[in-house]
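Data first, discussion second: the structure below is written as structure tokens.
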Amino acid sequence: MKTEHEEQREFVQWFRQTYPSTLIFAIPNGGARSPATASRLKAEGVVKGVPDLFIPAWETWIEMKRTKGGSLSPEQNLMHLHLRGLFYKVLVARGFEDAKQQIEELRNEVDEVEQGQSPSH
């Protein structure tokens, strides 16, 4: 089974090839750190629970998880609620294929709205 890192790397590579003019970037919030590094990063503004990826032009945050296992932390749940309250889209993706599918669905909805059709939901 692929790691979250591998799934996210595949997704970002696909996204950049598929939407080359749309910026996507990672928020390096996770991972094991020494207490000194964690303290320094917190002082610099790192906040627990911020999703892994952001697409500014689409106002969309993406939280990547492995295809199996991995759950949202309480901090992630609270951050997702906060971001949705600010009208951002927040996707939780279980691996590359799920992230790709959710992005394609999101783009289809945007295309429908731009063409004057109502979204399919």
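The values are calculated or read from the model by the stated rules, or taken from the named source; none is laboratory data. Small disclaimer: the values here were computed from a predicted structure and weren't measured. No Cβ is skipped: glycine too gets one built from the backbone with ideal geometry, and neighbour counts run over all protein chains shown. SASA here: full protein model, heavy atoms, side chains in, ligands and nucleic acids out. Shrake-Rupley method; radii C 1.70, N 1.55, O 1.52, S 1.80 Å.
Can you find a residue that is assigned to a loop (DSSP other than H, G, I, E, B), surrounded by 11 or more Cβ atoms within 10 Å (Cβ to Cβ) and of a type outside the set (S, T, Y) anywhere in the stretch 75-92?
In the first step, residues of the stretch 75-92 are kept if they are assigned to a loop (DSSP other than H, G, I, E, B); the result is 86-88.
This time we only want the ones that are surrounded by 11 or more Cβ atoms within 10 Å (Cβ to Cβ), so: 88.
Narrowing the set further to residues that are of a type outside the set (S, T, Y) leaves none.
No - not one qualifying residue is present in the stretch 75-92.
For the stretch 47-71, which residues satisfy the criterion of being under 23 Å from E6 (Cβ atoms) and among the hydrophobic types (A, V, I, L, M, F, W, C)?
V50, L53, F54, I55, W61, I62, M64
Among E59, E63, E104, E114, which is the only one that is under 22 Å from F15 (Cα atoms), at pLDDT 90 or above and loosely packed, with under 12 Cβ neighbours inside 10 Å? Walk me through it before giving the result.
Numbers: E59 fails: loosely packed, with under 12 Cβ neighbours inside 10 Å; E63 fails: loosely packed, with under 12 Cβ neighbours inside 10 Å; E114 fails: at pLDDT 90 or above.
Step by step, each of E59, E63, E104, E114 is checked, and only E104 is under 22 Å from F15 (Cα atoms), at pLDDT 90 or above and loosely packed, with under 12 Cβ neighbours inside 10 Å.
Filter the stretch 1-20 down to residues that are surrounded by 15 or more Cβ atoms within 10 Å (Cβ to Cβ), among the hydroxyl-bearing types (S, T, Y) and at pLDDT below 95, then give me how many there are.
Start the filter on the stretch 1-20 by keeping residues that are surrounded by 15 or more Cβ atoms within 10 Å (Cβ to Cβ), which leaves 4, 7-12, 14-15, 19.
Narrowing the set further to residues that are among the hydroxyl-bearing types (S, T, Y) leaves 19.
Then drop every residue that is not at pLDDT below 95, which leaves none.
Residues flagged as surrounded by 15 or more Cβ atoms within 10 Å (Cβ to Cβ), among the hydroxyl-bearing types (S, T, Y) and at pLDDT below 95 within the stretch 1-20 amount to 0.
If you scan the stretch 3-60, which residues turn out to be in contact with a helix residue (DSSP H, G or I) (Cβ under 9 Å, 6 or more places away or on another chain), within 19 Å of L78 (Cα to Cα) and assigned to a strand (DSSP E or B)?
L53, T60
For P51, state whether it is open to solvent by less than 50 Å² (accessible area, probe 1.4 Å), in contact with a strand residue (DSSP E or B) (Cβ under 6 Å, 6 or more places away or on another chain) and either more than 20 Å from Q8 (Cα to Cα) or modelled with pLDDT of 95 or more (or both). I'd like the intermediate steps shown before the answer.
Values: open to solvent by less than 50 Å² (accessible area, probe 1.4 Å): yes; in contact with a strand residue (DSSP E or B) (Cβ under 6 Å, 6 or more places away or on another chain): yes; either more than 20 Å from Q8 (Cα to Cα) or modelled with pLDDT of 95 or more (or both): yes.
Yes; evaluated as a whole, the condition is true for this residue.
Would you call V46 of a type in the set (V, I, T) and either touching a Ser or Thr at 6+ places or on another chain (Cβ under 9 Å) or farther than 27 Å from E109 by Cβ (or both)?
Numbers: of a type in the set (V, I, T): yes; either touching a Ser or Thr at 6+ places or on another chain (Cβ under 9 Å) or farther than 27 Å from E109 by Cβ (or both): yes.
Yes, satisfied.
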